[in-house]
Amino acid sequence: MGATIITSEDLMEFKIELLEDIKELLQNQKGQPQKKWIKSNEVRELLSISPGTLQNLRINGTLPYTKIGGVLFYEYHEIMEVLEKNKVTNRI
């Protein structure tokens, strides 16, 4: 097995790449709850919608949910998937 020489330049390049990756991870995670399941009030706050709008999203099947003893839970990643799926991009 041959020896590999690492220079100061190599270390500096690695440091810059590592810092950029960490920044990207932090930006992607910003504002996201740490828990997998969130309650109705958190969903309404996240989407800035009324209770009636949330109910309509449940009824028409837009947002999947789980009900346990009268409490409704939503998976955070499913909410993000619905947002991405319905994303409208500007067409020039």
Can you tell me which of (1) surrounded by 12 or more Cβ atoms within 10 Å (Cβ to Cβ); (2) in contact with an Asp or Glu (Cβ under 9 Å, 6 or more places away or on another chain) is the one ILE49 doesn't meet? (2)
Could you check how many residues of region 22-39 are in a loop (DSSP other than H, G, I, E, B) and at pLDDT below 85? 6
Given the conditions (1) in a helix (DSSP H, G or I); (2) open to solvent by 100 Å² or more (accessible area, probe 1.4 Å), every one holds for ILE16 apart from (2)
Cβ contacts < 9 Å: first residue within 17 Å of LYS67 (Cα to Cα), restricted to region 38-54; second residue of a type in the set (Phe, Trp, Tyr) and open to solvent by 40 Å² or more (accessible area, probe 1.4 Å), any location; separation 6+ or different chain. Result? ILE38/PHE73; LYS39/PHE73; SER40/TYR65; SER40/PHE73; VAL43/TYR65
Any residue that is small (Gly, Ala, Ser), loosely packed, with under 12 Cβ neighbours inside 10 Å and over 23 Å from the mean Cα position of the chain (by Cα) - is there at least one of those in region 69-88? yes
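The values are calculated or read from the model by the stated rules, or taken from the named source; none is laboratory data. Since the model is a prediction, treat every value here as computed from it, not as a measurement. All Cβ positions, glycine included, derive from the backbone under ideal geometry; neighbour counts span all protein chains shown. The protein model used for the area step is the full one, side chains on, heavy atoms only, and it has no ligands, DNA or RNA in it. Shrake-Rupley method; radii C 1.70, N 1.55, O 1.52, S 1.80 Å.
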